[in-house]
Structures are given as structure tokens and as C-alpha cells.
Amino acid sequence: MKLSFILSGQTGPYANLALEEYLLWNVEKDERILYLWQNRHTVVIGINQNPWKEARVKELEQDGGFLARRMSGGGAVFHDLGNLNFTFLVREEGYDVGRQLEVIIRAVAKFGIHAERSGRNDILADGKKFSGNAFFNSRGYCYHHGTLLLDTDMSNLSRYLNVSPAKLQSKGVASVRSRVVNLTELAPGMCIESLQHALIEAFGEVYGGLPAPFPDDRLNREEIETYEKKYASREWRMGRKLPFTATYGDRFAWGDLTLQFCVEGGIIQDAAAWSDGMETNFIRAIGQALKGVPFSSSAVKSKLLELAQSEPAGEAMLADIIHLTEENNF
């Protein structure tokens, strides 16, 4: 097994996401890559999220910040230079979320912090979240990435993120700031460099090998620049702002969902689905699938069941989405 690590020397979100995608499509069989990176003053949203709902975009950009969209699902996060991001990149046959999380848990344990996994995508210490994780899998290429709150300016979490009351209620907390913790509060001597070193060391321990720097000659700068242009584009970051005539939404155990419809003459002319759910492909396909469908709960249900044949959805998720359309009885 080959263990490779790479430290990003830049703090621009579009360049960092571009390098992440390049590594994804170029990880070799029987290779595990650990990529460590930082973004300055950035809100990153999940692939299916509505930027206007999730972030105070105007305020963020007026303050010199960046809005970025990643390829994985999950919710919006704020990055600054007090936060360290990690990505594990691997082929499907070697993908193991348990082992990957063990690297994180073992790394912070080197600073005397006892951490544990919680729910679908969080890591906690002393009952508070310091790491949120998200996942991507396509054509046998996988990544698992997440945040590590080291010394993040917590005031900016509330300043730039719009966290719904329903989401906070589902976590049993009153505010986003009350459910997160900086690692330096638990280990005052920790810094970015020492945490990077601990992660690389733990990476080798968990996988039983000696991690080596990712060779520079394996990086195709032209290809990486192409990805960077995609991530920086308004089309990728913002998506479409639909002139909707009907909106329905709710929060479920697997995440939140908002359905928007533009209807003319009883026919759905355009549609969009926004969600922080981790099963991304089905959600992403909903908007296109519903175009041209009669605007009725029964017709939408039939189309969703048909879509699930080509884009598999979790049984509970599909049932919840159908129930949302039926209970609104349009």
C-alpha cells in the first residue's frame, strides 16, 4: 500500500478545491492520499445547497470573503486560517470511513483530547463538535473530507451562516456557536503545524506504513487550473436563482429539503431541489426530472419513483420526499 500526503501552500478556496478534485481522479490503485489545506475567510456549501438560503453572501463578499461550492453533500461551513481541512482520497476498494476517522481521532489524542464520532458526519470532544465530514464517490473514485476547528473566529459562524432553527432544534442546541468548540480550548499548545504533523503521523500508524510527500511531477498544473476556473465560476458557485411560483420544504432525519417549482398552465416549467443531504445524486437529478410534469402531487410522485430506478435513493429519503409532496396536496 502506498501512503502519500500533500500540504497545500495556498489559502484560496478555488485553487484548493481544484487540487482536491485533481487528486481524486489521479489517486492510484492501492494508494491512500492525505491532503491538508486551509481556506481564508470562506463559506463552503454542499453540492445541492441554495447559497442564498445558507449564507449571507452579500455580507461575506463585502468583507472580502469567498463563497465556494464543493462536490460533496452536507451543510455549509465557514473556513478561516484557524481551521484546517483534511481530505482522504482513495479508490473505492480501499475506502473505509472508520479507518479514516480513526486517523483524526488518533491525531487529536496525541494532544490529550478524547474524541468520538457522532451521527452521520460529526466528530465531537467534550460533547461539542470540532469536525464536520462529507463524502463523495463517483466511478470508483472516493474522497472523505472535513474541517478541524483549531482556533476559528466563532463570531463569523453566526455572522455568515444561516442555520435554520429546525436544524438547531434537531441537535438540541440554541445556537450554532453553542454546539462547536475550538481544539485550542482543549489543548492550548496546539497549532496548525503541530496538528498537521500529528495527522500525518497518525495516518501512517493507522495504515501501517510511512507516508511520503506526493510527488510534484504527478501534478498537471494545466488540468488543475481548469478545475480552478470551474470552482471560481458564478455558474458553479451560485447555481440558478429560480423565479419560483411554489416552494415546499421540511427537515428530516437525513437532512433538510426545499423543492421549488416554476409553474405555467398547470405544467412544471422549471424545478430545483436544495438539500444538505449526504445522498447527493438523487437530489441533484430532481430538478431536471420534474420539468414538463403536470403540477400535481400524484404526477410528481410517479416521476420521483421513476427517477429512483435510475438514480437510487435511500428508502427513507424517497418516502419522506414523496410524503412532503402528498401532504401539501398540490
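Descriptive notes on the structure:
- Residues of the stretch 1-45 satisfying the condition of being open to solvent by less than 30 Å² (accessible area, probe 1.4 Å) and of a type in the set (Asp, Glu): Glu20, Glu21, Glu31
- Top-ranked residue in the stretch 51-76 [being assigned to a loop (DSSP other than H, G, I, E, B) and more than 13 Å from the chain's Cα centre (by Cα); ranked as surrounded by the fewest Cβ atoms within 10 Å (Cβ to Cβ)]: Gly64
- Filter pass, Leu157 being within 16 Å of His79 (Cβ to Cβ), assigned to a helix (DSSP H, G or I), at pLDDT below 95 and of a type outside the set (Lys, Arg): yes
- Within the stretch 83-93, being open to solvent by 10 Å² or more (accessible area, probe 1.4 Å) and out of contact with any Cys (no Cβ under 8 Å at 6 or more places or on another chain) holds for one residue alone: Glu93.
- Scan of the stretch 138-165 for residues that are over 17 Å from the mean Cα position of the chain (by Cα) and either without any contact (Cβ under 8 Å) to a residue 60 or more places away in the chain or open to solvent by 50 Å² or more (accessible area, probe 1.4 Å) (or both), ordered by number: Arg139, Gly140, Asp151, Asp153, Met154, Ser155, Ser158, Arg159, Pro165
- Residue-level analysis places Leu3 outside the set of residues that are within 25 Å of Ala76 (Cα to Cα), in contact (Cβ under 8 Å) with a residue 12 or more places away in the chain and of a type outside the set (Val, Ile, Thr).
- Residue in the stretch 288-303 that is part of a helix (DSSP H, G or I), open to solvent by less than 60 Å² (accessible area, probe 1.4 Å) and basic (Lys, Arg) present: yes
- When we screen Ile47, Ile33 for residues that are touching a helix residue (DSSP H, G or I) at 6+ places or on another chain (Cβ under 8 Å), of a type outside the set (Gly, Ala, Ser), on the phi < 0 side of the Ramachandran plot and part of a loop (DSSP other than H, G, I, E, B), the only hit is Ile47.
- Just so you know, in the stretch 118-137 the residues that are small (Gly, Ala, Ser) and without any contact (Cβ under 8 Å) to a residue 40 or more places away in the chain include one that is surrounded by the most Cβ atoms within 10 Å (Cβ to Cβ), and it is Ser131.
- Contacts under 6 angstrom Cβ, first residue in the stretch 96-114 being among the β-branched types (Val, Ile, Thr), partner assigned to a helix (DSSP H, G or I) and surrounded by 15 or more Cβ atoms within 10 Å (Cβ to Cβ), 6 or more apart: Val103/Ala202; Val103/Phe203; Val103/Val206; Ile113/Leu186
The values are calculated or read from the model by the stated rules, or taken from the named source; none is laboratory data. All figures in this text were calculated on a predicted structure; none of them were measured in a lab. Neighbour counts are summed over all protein chains in view; Cβ atoms, including those assigned to glycine, are modelled from backbone coordinates with ideal geometry. Side chains are part of the model used for accessible areas, which takes the heavy atoms of the whole protein and leaves out ligands, DNA and RNA. Shrake-Rupley method; radii C 1.70, N 1.55, O 1.52, S 1.80 Å.
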